[in-house]
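Take a look at the structure below.
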Amino acid sequence: MNKIFETPLYPYERSPDQDAPAPVRHPVVVIGAGPVGLVAAIDLAQDDVPVVVLDDNDKVSFGSRAICFAKRPLEILDRLGCGQEMVEKGVKWDVGKVFFDTRKVYEFNLLPEEGHQFPAFINLQQYYFEEYLVRRVRDLQDAGKPIEIRGGNKVEAIGTHDDHVKLEVATPEGAYTLEADWLIACDGAGSPTRRMLGLDFVGRVFEDNFLIADVVMEADFPTERWFWFDPPFNRGQSALLHKQPDGVWRIDLQLGWDIDKEEEKKPENVIPRLKAMLGEDVEFELEWVSIYTFQCRRMEKFRHGRVIFAGDAAHQVSPFGARGANSGVQDSDNLVWKLKLVMQGKAPDALLDSYDVERIHGADENILNSTRSTDFITPKSEMSRILRDAVLDLAEEHEFARPLVNSGRLSVPCTYDGSPLNTADALEDGPARTRPGAPCPDAPLGDGFLLPKLAGKFTLLTIDAEAPDHFEEAGIEVERLALSVKDDKTLALKQRYLGVAPSAVYLIRPDQHVAARRESWNENIFRAAVRRATGQE
Amino acid sequence: MAELILTPNIDTPDDFYADLLAAHEGLSKEESDALNARLILVLANHIGDREALAQAITAARAKG
């Protein structure tokens, strides 16, 4: 049977643009049909902004790659019409176990907070993630939305101008020229776009190699995340076992720096390693093997005039913590509403500079976290290994040492503290988690949930407060969502949005981040907050 | 935020010092390094206060 990642999902087809007498200009071109590029394109097309996605390949990602998707990206995907199916297919897990040498030193439960529509994490192969996005693109096309994916279209040169970008695109039938008002580069860590524009990409390269293997087996390992420090089957290194859908298990084995990659990838070398880990008599089949080295680095700026970078093209982290694809989806979420407003002439071009500020803040947070995990997993000096081992030894017996164990700090959304789009917090003693800049936490609402009601537009959320049902400021429409703690049976809304305050009014951005909040409605203040949140103040 | 105590604060300092040496007795260099590391972590957790810990690191490094 063919795997989904062996089937061309968007094979090359000749576009009328290739026969046009002059280069055709498109409002938005996205380079790269990976998770981030597709998410951005769907978000634009859902709102009728025409978008063309170019990819030099024609298939979804080869092998599982990104496998762990966090709550926040799932909430974003729900807004884009494909969060539910990912959750249905994905493997949900809460328990993690940490082993040191031959002993289990402790086990943790993520104990996800109640009252959220989406789980804390699911494991899902990147190829399924991309397949569902491609399917969503096809549904949008069937509904007449302006979106296309051009497979076998490789961008070979980029010319940047004040008001557009010019692209030379190679295809199996020869090259053609395209123009775009805006270009979103989502072409991955090795981004050819970045290279063609001669842009920097600085940071730290980690001297290490990891063997990743997808193994199909009927094993009775529980649905948990197992992480080993210095196990007998991979001495001096680490190992990770994680379950994916369809009986596929993901195994990551640290190999160290001085290895022969081609040799290590050969099944005759991989299989004995896996047998040592899983047991001699466990039957398994190798689906995919790869070796990777990683970097923690980012571009100095993500926006370069009309070219905007997102995802791994803009920043790269170590895989510990699942902060790659998850942060890329959040880049897109941050960018697209701003780009739409700028394209509609409702916000100044400068609004896009806030994408830089906010997502660089996010990237730095991710780089910091994943660098720290890497330093714990792979100690860089004798003393850092001694301290690391001391933490693990103590963790077995003493609870205090467990928070120091770092096998990856799992992706959580970033709060845009200090963003120029925020209005100073004016809800006295309001919960810190919903301060301006924070992503709105979900809460149960009658038969449904809060977040789907905040999707894709500016919303004035009132809790036991009066305010107009609708207002418009500087071309921005704001709709009110009126709630009351009287209907808040679980008290989640009160805990997450009021704290000790008797009432609250929140201005919420289209990406579900808080722009402003105070106890009651004040027309001047909220009008100013709308201008501020759209770069007009 | 607690200020790091850098004046004498241990009752019977000689007894404490003797306990510290005794704990290392008969250990290899490797075992002693591991013991020291565990001890630092246990003590750091007891102190808890990040400001005091940062001052302690600075004070210790000043003699490096």
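The values are calculated or read from the model by the stated rules, or taken from the named source; none is laboratory data. Because the structure is predicted, anything quoted here is derived from the model rather than measured. Cβ: placed from backbone, ideal geometry, glycine included. Neighbour counts: every protein chain shown.
Residues satisfying the criterion are absent from segment A:277-292 (criterion: under 19 Å from A:P379 (Cβ atoms) and of a type in the set (S, T, Y)). If the condition is being outside any helix (DSSP H, G or I) and either within 14 Å of chain B (Cβ to nearest Cβ) or in contact (Cβ under 8 Å) with a residue 12 or more places away in the chain (or both), then segment A:373-401 contributes A:T378, A:P379, A:S381, A:H398. Within segment A:498-511, can one find any residue that is more than 17 Å from A:A443 (Cβ to Cβ), part of a loop (DSSP other than H, G, I, E, B) and in contact with a strand residue (DSSP E or B) (Cβ under 7 Å, 6 or more places away or on another chain)? Yes. For segment A:193-235, list the strands (runs of 3 or more DSSP E) that sit wholly inside it and hold at least 3 residues that are at pLDDT 90 or above; which are they? Counting at least 3 such residues, we get A:210-217, A:225-229.
Being closer than 30 Å to A:D181 by Cβ, in a loop (DSSP other than H, G, I, E, B) and without any contact (Cβ under 8 Å) to a residue 40 or more places away in the chain: is that true of A:G152 here?
On the way: closer than 30 Å to A:D181 by Cβ: yes; in a loop (DSSP other than H, G, I, E, B): yes; without any contact (Cβ under 8 Å) to a residue 40 or more places away in the chain: no.
Considered against the rule, which asks whether it is closer than 30 Å to A:D181 by Cβ, in a loop (DSSP other than H, G, I, E, B) and without any contact (Cβ under 8 Å) to a residue 40 or more places away in the chain, A:G152 comes out as no.
Taking the residues in segment A:452-469 that are assigned to a strand (DSSP E or B) and in contact with a helix residue (DSSP H, G or I) (Cβ under 9 Å, 6 or more places away or on another chain) as candidates, determine which candidate is nearest to A:K486 (Cα to Cα). Checking each candidate, the answer is A:I463. Screening B:D33 against (1) exposed (fewer than 12 other Cβ atoms within 10 Å of the Cβ); (2) within 13 Å of chain A (Cβ to nearest Cβ); (3) in contact with a helix residue (DSSP H, G or I) (Cβ under 9 Å, 6 or more places away or on another chain) leaves a single unmet condition, (1). Figure legend. Inter-residue proximity from segment A:402-413: first residues on the phi < 0 side of the Ramachandran plot, second residues surrounded by fewer than 20 Cβ atoms within 10 Å (Cβ to Cβ) and of a type in the set (A, V, I, L, M), beta-carbon distance below 9 Å, spacing 6+ or different chains. Indicated pairs: A:L410/A:L110; A:L410/A:A120. The residues on offer are A:A432, A:A426, and the sole one that is away from chain B (no Cβ under 14 Å), without any contact (Cβ under 8 Å) to a residue 60 or more places away in the chain and hydrophobic (A, V, I, L, M, F, W, C) is A:A432.
Kindly establish whether B:L27 is within 14 Å of another protein chain (Cβ to nearest Cβ) and either modelled with pLDDT under 95 or in a helix (DSSP H, G or I) (or both). So B:L27 fails the test. Restricting A:E365, A:E358 to those that are over 30 Å from A:D47 (Cα atoms), away from every other protein chain (no Cβ under 14 Å) and either surrounded by 24 or more Cβ atoms within 10 Å (Cβ to Cβ) or under 18 Å from the mean Cα position of the chain (by Cα) (or both) reduces the list to A:E365.
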